Amino acid sequence: MLKMNHYLTKLLILLCLSAFVNLLVWFCAYAEISDDDMSAAAIMTRLKPEGIVDIEGTAKIIVLTENDSARPERGGSEIYQSTCVICHGSGVAGAPIFGNRQAWAPRKAKGMAVLLNHALHGYNYMPPRGSCTDCTDSEIQEAIRYMLLKAN
Ligand code: HEC
């Protein structure tokens, strides 16, 4: 009985020891994981301000887009004076000259649909949108209408 007890005590000590070692290994592993968690949290913290900046950027873009669409349409003469005049004012690269009835007559004969299509997408040396990147389709059309009217 005593011998058996002795054996049991040995077994118990061995079990305790292995449990302790297990606990130690587990603790170290856990400590490492929690360290990783910490750095992950640190990364998250470091990333967070960027996320906020991104959201603000998106919000700004949305605001800008809203402002842009809220901008009142500019008239044909305004668009002409701001962009089209660069070439159509003096006939750069063969552009039909402003107010020149002879130059504009064959253009007018093509009809607005064709002229608008050429003005929007480019036509030979005529650049797309007359290089007015922020012009709406209808603003381009108004500019064409204005040039046609002045060449009547
Ligand atoms: C960089 C010079 C340039 C600018 C800026 C420019 N144009 Fe032109 N445009 C041309 C040239 C060159 C032609 C003649 C193309 C041809 O017939 O080969 C032309 C032709 C046209 C035509 C006649 C197209 C056809 O089918 O006959 C229209 C309409 C026109 N431009 C509208 C505009 C409008 C509107 C603007 C301003 C928003 C503008 N252009 C700005 C160079 C320009």
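The values are calculated or read from the model by the stated rules, or taken from the named source; none is laboratory data. Everything numeric in this text was worked out from a predicted model, so none of it was measured. Counting neighbours? That spans all protein chains shown, and the Cβs are built from the backbone with ideal geometry, glycine included.
Of all residues in segment 117-152, which are in a helix (DSSP H, G or I), within 14 Å of GLY76 (Cα to Cα) and under 28 Å from the mean Cα position of the chain (by Cα)?
Selection gives ALA119, ARG129, GLY130, ASP137, SER138, GLU139, ILE140, GLN141.
With respect to LEU115, is the statement that it is near the ligand (Cβ under 6 Å from one of its atoms) and either in contact with a strand residue (DSSP E or B) (Cβ under 7 Å, 6 or more places away or on another chain) or at pLDDT 95 or above (or both) true?
Judged against the criteria, LEU115 is a match.
Being within 9 Å of the ligand (Cβ to nearest atom) and either exposed (fewer than 14 other Cβ atoms within 10 Å of the Cβ) or not assigned by TED's automatic domain parsing to the domain that holds MET126 (or both) is the filter here, so list the residues in segment 96-111 that pass it.
If the condition is that a residue be within 9 Å of the ligand (Cβ to nearest atom) and either exposed (fewer than 14 other Cβ atoms within 10 Å of the Cβ) or not assigned by TED's automatic domain parsing to the domain that holds MET126 (or both), then PRO106, LYS110 are the ones that fit.
Can you pull out every residue in segment 81-90 that is part of a helix (DSSP H, G or I) and farther than 16 Å from THR133 by Cβ? Let's see the steps before the verdict.
First pass over segment 81-90, keeping only residues part of a helix (DSSP H, G or I): 81-88.
Hits for segment 81-90 are GLN81, VAL85, HIS88.
Report, by residue number, each residue of segment 118-138 that is near the ligand (Cβ under 8 Å from one of its atoms) and not hydroxyl-bearing (Ser, Thr, Tyr).
Once the filter is applied, which keeps residues that are near the ligand (Cβ under 8 Å from one of its atoms) and not hydroxyl-bearing (Ser, Thr, Tyr), segment 118-138 yields HIS118, ALA119, ASN124, MET126, PRO127, ARG129, GLY130, CYS132, CYS135.
Out of curiosity, is VAL114 part of a helix (DSSP H, G or I), exposed (fewer than 14 other Cβ atoms within 10 Å of the Cβ) and at negative phi?
yes
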